[in-house]
Amino acid sequence: MQLFLIILIVGGISYVGYGLSSYYKKRYTLMSDILLFCDCLSNDIDFLHTPVKQILLNRNVQFAPELNKLLNQYKQILDNGKLLEFNQPISSIYFKREEAEMFMSLLYELGKSDSITQIATIKNFKTVFTKYHIEATEENKKYAPLALKLGVLIGILAGILLI
């Protein structure tokens, strides 16, 4: 019985470390996908002159689930016609507050002007998100393996202390 409890504690604490590691990996993936989304937006607006709703319907399949969820929230806002009441946050746990506000600003600016201005705006947002992507990459490289290793080591330490 004691062995089962020790294995359960080691596994549980290791799983917490894995969860923290997964957080940093998903944050990195979300920032990478936002940069890809900016490229898709600028290409579709520049070359195909596709409406925003059509871009959102066609392009969200290739992105990670986190970005798909955010884009689906935005599509619901567009479908309900509540774009003027866009104060409600489109957020994710993988965003910091400033990043969430920037992403909401990017979505809010879509379809507000001519294609040349929209492309310039998207490129400006892409430079900001490139900074966030670099930050997320550094955090992923530093903290993801650290969280996983610490989770396993602390789990083993707790198991040893219980013996």
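Observations on the model:
- Test result for Y143, out of contact with any Leu (no Cβ under 8 Å at 6 or more places or on another chain), of a type in the set (F, W, Y) and under 30 Å from F103 (Cβ atoms): no
- No other residue among S92, S113 is under 23 Å from N72 (Cβ atoms) and of a type in the set (S, T, Y) apart from S92.
- Pair list, Cβ < 6 Å and 6+ apart or interchain, from segment 108-126 residues that are in contact (Cβ under 8 Å) with a residue 12 or more places away in the chain and assigned to a loop (DSSP other than H, G, I, E, B) to residues that are of a type outside the set (K, R) and surrounded by 14 or more Cβ atoms within 10 Å (Cβ to Cβ): L110/V52; G111/V52
- Check on L161, farther than 21 Å from L20 by Cβ and in a helix (DSSP H, G or I): yes
- Enumeration of residues in segment 1-54 that are of a type in the set (S, T, N, Q) and not in a helix (DSSP H, G or I): T50
- When Y24 is tested against the conditions (1) more than 29 Å from E135 (Cα to Cα); (2) among the hydroxyl-bearing types (S, T, Y); (3) within 14 Å of the chain's Cα centre (by Cα), the lone failure is (1).
- Filter pass, I134 being under 17 Å from L36 (Cα atoms), within 15 Å of the chain's Cα centre (by Cα), at pLDDT 90 or above and aliphatic (A, V, I, L, M): yes
- For segment 30-54, the set of residues classified as free of Cβ contacts under 8 Å to residues at least 24 places away in the same chain and either within 20 Å of the chain's Cα centre (by Cα) or surrounded by 14 or more Cβ atoms within 10 Å (Cβ to Cβ) (or both) consists of C40, N43, D44, T50, listed by residue number.
The values are calculated or read from the model by the stated rules, or taken from the named source; none is laboratory data. Because the structure is predicted, anything quoted here is derived from the model rather than measured. For neighbour counting, all protein chains shown are included, and Cβ atoms are generated from backbone atoms with ideal geometry for every residue, glycine included.
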